[in-house]
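Student: Here you go, one structure.
A short reminder: the numbers here are calculations on the coordinates, not readings from a lab. This structure is a prediction, so every number in the text was calculated from the model and none was measured. Note that we place each Cβ from the backbone using ideal geometry, even for glycine, and neighbour counts take in every protein chain shown.
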Protein chains: 2
Amino acid sequence: MDKMTKEHLTSLLINGTSEQIQEAIDDIHPADILDVLQDHHSQLNNILSKLPNDIIADVIEEEEDEDEQYEILKTFLKDRQSAILDEMSDDELADLIGELDDPEERADVLSKLDIEDKTHIESLLKYDPSTAGGIMTTEFISVKANNTVLKTLEYLQTQVEEDTTYYLYVLDKEKVLKGVISLRDIVSSPFDTPIMDIVNPNVKTVDVNMDQEEVAKKFMKYGFYMMPVVDSEYRMLGVIEIDDVMDVMEEETTEDINLMAGMSGEERVDSTVLESAKSRIPWLIVNLFTAVMAAAVVANFESTIAKVVSLSSVMSIVTGMGGNAGTQSLTILCRGLSLGEVDKDNAFQIFCKEITVGLLSGIVIGIIVAIGAWWFASNPWFGLVAGLAMILNMLAANIAGYLVPVILKRLNIDPALASGVFVTTVTDCMGFFFFLGLATLFLPLLI
Amino acid sequence: MDKMTKEHLTSLLINGTSEQIQEAIDDIHPADILDVLQDHHSQLNNILSKLPNDIIADVIEEEEDEDEQYEILKTFLKDRQSAILDEMSDDELADLIGELDDPEERADVLSKLDIEDKTHIESLLKYDPSTAGGIMTTEFISVKANNTVLKTLEYLQTQVEEDTTYYLYVLDKEKVLKGVISLRDIVSSPFDTPIMDIVNPNVKTVDVNMDQEEVAKKFMKYGFYMMPVVDSEYRMLGVIEIDDVMDVMEEETTEDINLMAGMSGEERVDSTVLESAKSRIPWLIVNLFTAVMAAAVVANFESTIAKVVSLSSVMSIVTGMGGNAGTQSLTILCRGLSLGEVDKDNAFQIFCKEITVGLLSGIVIGIIVAIGAWWFASNPWFGLVAGLAMILNMLAANIAGYLVPVILKRLNIDPALASGVFVTTVTDCMGFFFFLGLATLFLPLLI
């Protein structure tokens, strides 16, 4: 896209002949073709009909939504579909088939694969899609340790596979992984170097059942472009590439952010009304119960409020500010937990910090609130009650902001899961209780 | 770490001799050494003293906190420090120097570099750290287009640089980037293939001033492991690797999450009390103003509350639920905006969806609240007022949850920046206004 403008590409794809497009195809990235298809949906059939099969396969792989992938595929006749599917990599095929909502569509795609691909895909589909097995590809190149660099290069030249990867793997007869060689070492070593000398036997591997979030953390830690996937016997099953890991990171982060806000992990900005309603309303109902709890606290103090009505306007400041402070603590903790930055060694230290920060901000905000409330009610005792309640609630907010995600994590529940609901329940109930409770104690001085 | 357990490595590093460690060093990943150093801080000097310079450089590069990097470096005498710095890559050196808080420390490290490195680093330090120039490395290999594959391989064998990358670049005399060759193509092409035939002239590049968030999006879109950085004349200045991009993604996401919760983008779970207080208290004070606005709305209706005190307990349900619904919309919008999933074509559609979802959940929650409030006050009119206010506020919440981030984005302000504060201000003020306003209208029926 840097040398060919988007306008140029769009016009070539829409108005060009099949031959003109063929001539320029090496200069076009499939992600850019997908962009044009998405912007000019009415031209879908026209453009696709002029592209060769391997490019269509690439374009389908660029599309992230499996239902859209299927839609592109369906524009072709049955035989052509098989030819296109044949060009796709097996991890992408497995994702496509695994994620299609309609079982008939799934069977339809499977039926169009050749037998070898079908066996591969069916074995990949056995793995949970959110594990290493679910994101790996089984396409990798293994070489013999007793060759030289020259022999290996000659061997690689015979491999017509498009997808030579940046690492070669040494396996024994039982397919047990013995070592890894980087292409960097192949190209920078003299031709007569024995492969044995440049093999790294201490390979970092990923277990096939490892959760994809853990896989992403391992990639982040070691900075590899690719890691081999093995079973419990250390037999090599496939490889995971870093660009798939980036997609995982994005997906897991979105999930965390959604859960914290009380939504399903799957909702996206382009979800339908029905999907969004299903994602949000259940949590709103849970929220409603907690809101009723807070209201019940207020109801208990109705006689106090009846005597000093101005309490009713100030009380929402105490709970609202507590909610904000609690959300701050909670957000920091959830993110820290999800990045693996909280462990036994620093947990207590973080807890103490949250308490101190809660107390500090409680004092700052409490003093401002106290002065404001004193002025508002023209009564210093009113100010004292509001200020004290504010300090206590900020402290409670930060304690809850720490404890809720940490306890959820300890219970093996995703700490982001509706932590927000629990924390604001604490800050609302406690806020009303502190403020109206203190007001009741000091009642004679407030009237 | 897969073949050598953590216990084994720890004991080797702490108790082994320099020679024993040297023998095993090829099997040890520097990230694992850093883990041991962090877990056994008292052994820092002991362990470091037994490691060779290049490994120490690698360990320093694995450490993400620049002040900790400096601490490791400082354990050595001056000459040894220079030797270690000499082994570090220039982008890591530039980060180390650029991020040190103390100017004296910065000058100290700079003074220990050799002249060539110093010139390099000083030119890198000129770039804004959050742009492509700030995250690139200037170490890359350029080759001639008129050689064959064999000649190129022989040339690469003479390059003793450790960091042969997976791509080679073809530049003209003015250093203008003409093409890129992947090592995959080098190793899979016959020896007599002219490099010209396997060069890809349509290189995707990154402008040196491009914001790092845009760089990350470009990597995500095209799935490359590495991209060249060029100036406005298309002269090649350096390369960016995907593992640096992963760090950028993590950092930018944390920043967004923090901003949404009303904190500075820099706060982390291990920040000090002072850093946290500085990050949070300013936003709490902003929040306080908005809480006072909501309280002022309530104060306007004090005469109504004085007549029907039970309004004071139900009103927080209306505002609280609105706040939750608004946060849901806001969260979905902010994430969508930051991933670039919202554009002109779908913006109106998303707006309509948010309104529909707001109305739908308003009706569901409104009916439950209406029935509950009717029962609570033993008055159907009380239920009607609560239910209607709930529906109106949920609608307002979803409209605000959409508009606030979209407007901030239009104003070129980060949409995450305190969107939460604005949205809850709307839901609090509107919630109180709808509920108490309706109650005032229906007052004769409520008493």
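Student: Debye calculation, C-alpha points only, no solvent: report log10 I(q)/I(0) for the stretch B:288-398 at q = 0.12, 0.13, 0.18, 0.24 Å⁻¹, in the same order as the q values.
Tutor: -0.51, -0.59, -0.93, -1.26
Student: Pairing the Cα long axis of helix B:380-410 with the longest principal axis of chain B, what angle in degrees results, from 0 to 90 and rounded to the nearest 10?
Tutor: Roughly 30 degrees between the two axes.
Student: Quick check: convex hull over the Cα atoms of the stretch B:1-79, volume per residue in Å³, rounded to an integer?
Tutor: 90 Å³
Student: Separation of the stretch B:93-118 and the stretch B:298-367 by C-alpha centroid, Å?
Tutor: The stretch B:93-118 and the stretch B:298-367 have Cα centres separated by 51 Å.
Student: For the stretch A:34-115, take the alpha-carbon Rg, divide it by the Kirkwood Rh, and send me Rg/Rh.
Tutor: With Rh from the inverse mean 1/r over Cα pairs, Rg/Rh is 0.93.
Student: Among all the lysines, which ones have a C-alpha under 30 Å from A:LYS112's C-alpha, if same-chain residues fewer than 8 places away are not counted?
Tutor: Leaving aside lysines fewer than 8 places away in the same chain, those within reach of A:LYS112 are A:LYS50, A:LYS74, A:LYS78, A:LYS126, A:LYS175, B:LYS221.
Student: Then there's this: Work out the length of the dipole vector of the stretch A:311-434 about its Cα centre, built from +1 on the beta-carbon of each Lys and Arg and -1 on the beta-carbon of each Asp and Glu, and round it to the nearest 20 debye.
Tutor: Magnitude of the dipole: close to 40 debye.
Student: As an exercise, find the ratio Rg/Rh for the protein assembly as shown from alpha-carbon atoms, using the Kirkwood inverse-distance average for Rh.
Tutor: 1.01
Student: What would the Debye formula give as log10 I(q)/I(0) at q = 0.12 Å⁻¹ for the alpha-carbon point model of the stretch B:1-158, no solvent?
Tutor: Per q value, in the given order, log10 I(q)/I(0) is -0.63.
Student: Applying the Karplus parametrisation 6.51 cos²θ - 1.76 cosθ + 1.60 with θ = phi - 60° to the phi angles of the stretch A:292-307, what ³J(HN,Hα) value in whole Hz is obtained for each residue in order, glycine and proline being reported as x?
Tutor: Residue by residue, the stretch A:292-307 yields 5, 4, 5, 5, 5, 4, 4, 4, 4, 9, 4, 5, 5, 4, 4, 7 Hz.
Student: Quick one: what are the phi-derived ³J(HN,Hα) couplings along the stretch A:36-48, Karplus 6.51/-1.76/1.60 with θ = phi - 60°, whole Hz, x for glycine and proline?
Tutor: Coupling constants for the stretch A:36-48: 5, 4, 5, 7, 10, 4, 5, 8, 3, 5, 4, 5, 4 Hz.
Student: While we're here: Which far-off residues, 5 or more places away or on another chain, put their amide H under 5 Å from the one on B:LYS178, with H placed in the peptide plane?
Tutor: B:VAL170, B:LEU171, B:ASP172
Student: Which GluC sites (Glu not before Pro) in the stretch A:80-162 sit in a loop by DSSP (not H, G, I, E or B) and have at most 13 other Cβ atoms within 10 Å of their own Cβ?
Tutor: Qualifying residues, ordered by number: A:GLU161, A:GLU162.
Student: When each pair of different Cα atoms in the stretch B:43-85 is counted once in the 1/r mean, what is the Kirkwood radius in angstroms, to one decimal?
Tutor: That comes to 10.3 Å for the stretch B:43-85.
Student: What ratio of Cα Rg to 2.2 N^0.38 Å holds for the stretch B:109-216?
Tutor: Relative to the 2.2 N^0.38 Å estimate, the stretch B:109-216 comes out at 1.24.
Student: Now, a different point. For chain B, go through all pairs of different Cα atoms, get the mean of 1/r, take its inverse, and jot down that Kirkwood value in Å.
Tutor: Kirkwood hydrodynamic radius for chain B: 26.8 Å.
Student: Would you calculate the separation in nanometres between label points at B:ASP231 and B:GLU68, each defined as 7 Å from the Cα along the Cα-to-beta-carbon direction?
Tutor: Distance between label points: 3.7 nm.
Student: Let me check I have the definition right: for the stretch B:347-447, take the eigenvalues of the Cα gyration tensor, multiply each by 5, take square roots. What are those semi-axes in whole Å, largest first?
Tutor: They are 31, 14, 9 Å, listed largest first.
Student: For label points placed 7 Å from Cα toward Cβ, what is the shortest-first list of nm distances from A:ASP102 to its copies?
Tutor: Spelled out, the distances from A:ASP102's label point are 6.8 nm.
Student: Name the long-range amide H neighbours of B:GLY238: under 5 Å, sequence gap of 5 or more, or other chain; modelled H, no Pro or chain starts.
Tutor: Sorted by chain and number, the residues that satisfy this are B:VAL229.
Student: Continuing with this model, one more query. If you consider only alpha-carbon coordinates, what radius of gyration and Dmax does the stretch B:275-315 have, in Å?
Tutor: Rg then Dmax for the stretch B:275-315, in Å: 15.1, 47.
Student: Sticking with this one: Counting residues in the stretch A:232-363 as N, plug N into 2.2 N^0.38 Å and put the Cα Rg over that result.
Tutor: Cα-based Rg divided by the globular estimate yields 1.53.
Student: How many percent of all Cα-Cα pairs in the stretch B:178-261 sit more than 18 Å apart?
Tutor: Summing the P(r) of the stretch B:178-261 above 18 Å gives 53 percent of all pairs.
Student: Just the ratio, please: alpha-carbon radius of gyration of the stretch B:137-189 over 2.2 N^0.38 Å, N its number of residues.
Tutor: In units of the 2.2 N^0.38 Å rule of thumb, it is 1.09.
Student: Also: Using C-alpha positions alone, give me the convex hull volume of the stretch A:135-293 per residue in cubic angstrom.
Tutor: Residue-normalised Cα hull volume stands at 153 Å³.
Student: How far apart are the B:SER264 label points across copies, placing each 7 Å from Cα toward Cβ, in nm, shortest first?
Tutor: 4.0
Student: Separate question: Across the stretch B:319-328, in residue order, what do the Karplus-derived ³J(HN,Hα) couplings come to in whole Hz, using 6.51 cos²θ - 1.76 cosθ + 1.60 with θ = phi - 60° and x for Gly and Pro?
Tutor: 6, x, 5, x, x, 5, 5, x, 5, 4
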